Every structure is written in C-alpha cells, then in structure tokens.
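Q: I am attaching a structure below and will ask some questions about it afterwards.
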Amino acid sequence: MKKYIFTILTLCNMMLIFYFSSQNADQSTQTSAWFLQFIPFSMYTIRKLAHFTIYALLGFNTCNMYKSYGIKHYAVFALITCILYAGSDEWHQSFVSGRSPQITDVGIDTCGALSLILLNIGFIKLKLSHN
C-alpha cells in the first residue's frame, strides 16, 4: 500500500512543479507575491525557498517510493531522479514566456532534495536501531 501512496505523492509533486514552471513571468511573480503577505523576505528569497522546499518534498517522496519498492540503493535513485527532474524543469522553463533556465536553481533544487533524503535516511537508521 505504501508504494502506491508514495508513487502518487511523487507524481503529484512532479505535476505541481510542472504547473509552477508553466506559469509565465507575470503569473510566477503573482504567485511569489502572494507569499510575501506571510513571509517577510525578498521576492528573490521567496523564489529560492520555494525551489528548496518543493524539491525537499520531492526528495522525501521519491526516497520513500523507491524504498517501498524494495530498491537497494533507494536514496541514490531518489537523488538522481530529483537532479534529472530539476534539470528537465529548468529546460522546460526555457519554453515559457518571460522565464529562463538557471543552473543555480538546479543546485538549490538538489540541495532541497538531498536535505530530506538524508533526514529520511537518518530517521530510518534511528528507527532500526531502536528495534
């Protein structure tokens, strides 16, 4: 059952990233501006935090998805999946009006994914040590 849940969560996460990347420059700015009501940071910081956060969730979901399928090096596969998706996401943005691909965003995305993948591994090891 877990594998289906995490597969659906991974796909939904990817669709959400694709949706945000499909927004033209004006729409993307409006989305980011909405968050400024709640988080007192600059537009640049909001955008970079969004990259980090949404890919952290993708890292968590893909890590658990691969683990639930019994893949031996699930964390490595999760990280590779997130890096490839981040690269494809930036390439996708090159086709959207007013948007451009940024290699730094791939780095931020990778750091976000890696953070929750490592945290997830830590929790799994902690859980196993208590059994």
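The values are calculated or read from the model by the stated rules, or taken from the named source; none is laboratory data. Owing to the predicted nature of the structure, the values given are computational and were not obtained by experimental measurement. Methodologically, a virtual Cβ is constructed for each residue, glycine included, from the backbone with ideal geometry; neighbour enumeration extends over all protein chains shown.
Q: Scanning for something out of contact with any strand residue (DSSP E or B) (no Cβ under 9 Å at 6 or more places or on another chain) and surrounded by fewer than 16 Cβ atoms within 10 Å (Cβ to Cβ), does segment 44-52 turn up at least one residue?
A: Yes, segment 44-52 contains a residue that is out of contact with any strand residue (DSSP E or B) (no Cβ under 9 Å at 6 or more places or on another chain) and surrounded by fewer than 16 Cβ atoms within 10 Å (Cβ to Cβ).
Q: What are the residue pairs meeting all of these: first residue in segment 88-107, first residue under 17 Å from ALA56 (Cα atoms), second residue surrounded by 13 or more Cβ atoms within 10 Å (Cβ to Cβ) and not acidic (Asp, Glu), Cβ atoms under 6 Å, and 6 or more apart or on different chains?
A: Sorted first by the residue in segment 88-107, then by its partner, the pairs are ASP89/ILE17; ASP89/SER21; GLU90/PRO101; GLU90/VAL106; ASP105/HIS51; VAL106/ALA86; VAL106/GLY87.
Q: Also: From LYS3, LYS48, grab the single residue that is more than 19 Å from TYR85 (Cα to Cα), in a helix (DSSP H, G or I) and basic (Lys, Arg).
A: Every option except LYS3 fails the conditions.
Yes/no matrix, rows are residues, columns are (1) in contact with a Cys (Cβ under 6 Å, 6 or more places away or on another chain); (2) assigned to a helix (DSSP H, G or I); (3) within 20 Å of TYR4 (Cα to Cα); (4) modelled with pLDDT of 95 or more:
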| site | (1), (2), (3), (4) |
| --- | --- |
| SER32 | no, yes, no, no |
| TYR44 | no, yes, no, no |
| HIS92 | no, yes, no, yes |
| ILE117 | yes, yes, yes, yes |
| LYS127 | no, yes, no, no |
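Q: Mind telling me which of the residues LEU36, LEU79, LEU84 ends up being surrounded by fewer than 18 Cβ atoms within 10 Å (Cβ to Cβ) and at pLDDT 95 or above?
A: Working: LEU36 fails: at pLDDT 95 or above; LEU79 fails: surrounded by fewer than 18 Cβ atoms within 10 Å (Cβ to Cβ).
Just one listed residue meets the conditions, LEU84.
Q: Follow-up. Restricted to segment 18-64, and to residues that are under 12 Å from ASP109 (Cβ atoms) and hydroxyl-bearing (Ser, Thr, Tyr), which residue is nearest to the chain's Cα centre (by Cα)?
A: TYR55
Q: Taking the options CYS63, CYS12, name whichever one is closer than 17 Å to TYR85 by Cα, of a type in the set (A, V, I, L, M, F, W, C) and either touching a residue at least 12 places away in the same chain (Cβ under 8 Å) or surrounded by 14 or more Cβ atoms within 10 Å (Cβ to Cβ) (or both).
A: CYS63
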